Amino acid sequence: MSTTGLDLRVGVATDVGRVREHNEDAAFADGGVFVVADGMGGHAAGEIASGLTVGALGELAGREDLRLADIVGQLDVANRRILRSAAKNPGQTGMATTVTGVALVSAGGSPHWAVLNLGDSRVYRYIEGTLTQVTVDHSEVQELVDAGFITPAEALRHPLRHTVTRSLGREILPQVDTWVFPPCPGERFVVCSDGLTNEVGDDEIRAILGAGLDAQACAQTLVERAVDNGGRDNVTVIVVELPAYPAAEVDEDTVPRGGAS
Ligand code: MN
C-alpha cells in the first residue's frame with residue numbers, strides 16, 4: 001500500500017445471508033479507502049445505490065494528499081448519481097443507501113484516519129483487547145435510546161430498528177458524521193453492515209478480533225458467525241489492520257543492549 005505509506009493488512013467478506021434473494025451490500029477496500037454501503041429499495045435497486053456509492057468513493061483510492069473535504073464532496077457526487085439514476089429508471093424510485101468507512105487522509109501534514117458515517121452501518125476500532133464503536137447509528141432506535149425511552153438491549157428487538165434517519169438517495173445530502181484521528185500501530189478497524197451487528201453482539205465481535213486471525217480470516221469468520229446466528233440480512237465486513245511492528249522497521253541485525261558480548 002505504497003500510496004498511503006502505511007503497511008496495512010486488509011480482509012473483505014460478504015454473504016447474501018439465509019433469507020434475502022439479493023446482496024444489496026457493497027464494499028470497496030483498496031488504496032487507503034475502506035467503505036461499506038447497505039442499499040435499500042425494491043427490485044434490486046438497493047444494490048444500484050450501494051454500488052454507485054462505493055464506486056464513487058473508490059475513485060478517491062490512492063489519491064495523494066486526500067482530505068476529509070474530498071470524501072464529503074464525493075458523498076455528494078454519489079448522492080447526485082443515485083438521484084440521477086432513479087430519475088431515469090422508475091424501478092429505482094426511492095432507492096437509498098447507508099455508507100460508512102475509514103480512509104487515510106492528510107491532516108496537518110501527516111496521515112490520519114477519517115471515519116465517516118451516514119445510516120446504521122458501523123465502524124468499530126479494536127486495540128489491545130478493547131472494542132469501541134466509533135460511529136453512531138442514524139436510526140429511529142438510536143434516537144429512542146439517546147432520549148432514554150428504550151435501552152440498547154430493547155433497541156435490538158424494536159420494530160423501528162431497521163429505520164435509518166440519514167442516508168444517500170435523498171434530495172439533500174444529510175450532515176455526514178466524521179471523526180479524524182492519528183493512526184496507532186496495533187489497531188484494527190471493522191467496517192460492517194447491520195447484517196453483522198444485528199446477529200453478532202459486541203462481545204462476540206471482540207472475541208473473534210482477539211483470536212489471533214489475520215485480517216482476511218477475521219473478516220470471513222465474522223461474516224460466517226452472522227450467517228450461523230441467523231443470517232436474516234446481507235452481511236459485509238472489512239477488517240483493516242495497522243500491524244504493531246511494520247516489517248520495514250524490523251532490523252534482523254539489531255540486538256538488545258547488553259544482549260551481545
Ligand atoms: Mn442491512
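Quick note: the coordinates plus some simple rules give every number you see, no bench work behind them. Small disclaimer: the values here were computed from a predicted structure and weren't measured. Every residue, glycine as well, gets a Cβ built from its backbone with ideal geometry; the counts of neighbours run over all protein chains shown.
Quick rundown of the values:
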| quantity | calculated |
| --- | --- |
| Using a Förster distance of 51 Å, the FRET efficiency for Asp7-Ala147 (Cβ separation, nearest 0.05) | 0.70 |
| The range 1-83 shape via C-alpha gyration tensor axes, a/c threshold 1.5 | oblate |
| Dipole-positive endmost among Leu83, Leu52, Gln175 within the range 2-245 (Cβ charges, Cα centre) | Leu83 |
| Protection proxy ranking, peptides 96-104, 174-182, 132-140, average beta carbon neighbours within 10 Å, highest first | 96-104, 132-140, 174-182 |
| Rg/Rh for the range 155-240, where both radii come from Cα atoms and Rh is the Kirkwood radius | 1.02 |
| At most 10 other Cβ within 10 Å, DSSP loop - GluC sites (Glu not before Pro), the range 171-219 | Glu171 |
| Mean Cβ neighbour count within 10 Å, used as a protection proxy, ranking 221-228, 237-244 highest first | 237-244, 221-228 |
| Cα coordinate range in the chain, projected on the principal axes (Å, largest first) | 77, 38, 35 |
| Using a Förster distance of 30 Å, the FRET efficiency for Thr93-Val136 (Cβ separation, nearest 0.05) | 0.55 |
| Trypsin sites (Lys or Arg not before Pro) within the range 66-120, DSSP loop, no more than 16 other Cβ atoms inside 10 Å | Arg67 |
| The chain: DSSP helices with Cα axial extent of at least 30 Å and average Kyte-Doolittle hydropathy no lower than -1.0 | 68-88 |
| Cα centre as origin, Lys/Arg/Asp/Glu Cβ charges: the chain dipole, Debye | 680 debye |
